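The values are calculated or read from the model by the stated rules, or taken from the named source; none is laboratory data. Nothing here was measured: the structure is a model prediction, and the numbers come from that model. Please note: Cβ atoms are built from the backbone with ideal geometry, for glycine as well, and neighbour counts cover all protein chains shown. Surface accessibility is based on the protein's heavy atoms, side chains included, excluding ligands, DNA and RNA. Shrake-Rupley method; radii C 1.70, N 1.55, O 1.52, S 1.80 Å.
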Amino acid sequence: MSGSDEHAFAPDEPMTRASFITALWHLAGSPSVIATQIYDDVPAESWYAKAVTWAELWNITRAADTDYRFRPDAPVTREDIARSLGRYAMYTGRTVRDSGNLADFSDGDAVSAGARTEFSWAVESGLLSASDDGRLAPKEAATRAQVAAILMRFDLRFMGQASKADGY
């Protein structure tokens with residue numbers, strides 16, 4: 001992940017959908033792809049177009065709403081993160097199962113039906129955890145620091161690329 005600008009990381013700022021999918025694309029090694037305008041609101045010349053194109057081609061992400069717009073500047077939610085990481089894990093050949101543990105949380109039923117398997121897997125895998133009050137907060141925006149921590153855990157647990165020598 002890069003900073004929010006040349007001199008700041010802005011850890012407490014919400015991360016956008018474009019920034020998140022770009023960070024995941026970089027974690028994947030920035031696979032070569034020709035940027036195309038798959039979504040009406042993702043111009044092919046935008047800095048995040050290759051990442052969004054890659055994610056769409058491999059079913060890692062989906063439109064943010066029914067009018068088939070990605071909403072790149074919208075904050076990424078914890079549910080978006082779980083869904084994309086679960087789909088990316090499947091893309092890399094890993095098994096993603098619904099562990100059924102969402103009922104143990106006060107807002108476990110707030111996870112969308114289409115994201116339950118991936119969200120449950122993300123919780124069971126230790127990628128996402130509940131807040132101190134026992135909430136999973138699936139619809140809440142994630143901060144840049146939270147996303148950095150989640151991606152680091154994902155990399156360590158599933159990708160095998162990071163090590164203590166890398167500063168993790």
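The table for this structure:
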item	result
ALA10 versus ALA149: modelled label distance in nm, points set 7 Å from Cα along the beta carbon direction	2.0 nm
Kirkwood Rh, angstrom, the chain [1 / mean 1/r, Cα pairs]	16.3 Å
Solvent-accessible area, 1.4 Å probe, carbon plus sulfur percent, for the range 1-144	49 percent
Assigned charges on the beta-carbon of Lys, Arg, Asp, Glu; the chain dipole about Cα centre (debye)	600 debye
Along the chain, longest interval not containing exposed GluC sites (Glu not before Pro), exposed being DSSP loop plus at most 10 other Cβ atoms within 10 Å	46-168
Most fluctuating residue given options LEU57, LEU151, LEU27, as computed from a GNM of the chain linking Cα atoms under 10 Å	LEU57
Candidates per chymotrypsin sites (Phe, Trp or Tyr not before Pro) in the range 33-107, loop by DSSP, up to 13 other Cβ within 10 Å	TRP47, TYR68
Cα gyration tensor shape of the range 47-102, rounded if a/c is under 1.5, else prolate or oblate by comparing a/b with b/c	oblate
Extended-chain gain in nm, criterion 0.36 nm per residue less alpha-carbon gap, ASN101 and THR36	19.5 nm
Å² per residue, accessible surface of the chain at 1.4 Å	51 Å²
Helical mean residue ellipticity (222 nm; -39500 (n - 2.57) per DSSP H run of 4+; nearest 500) of the chain	-9500 deg cm²/dmol
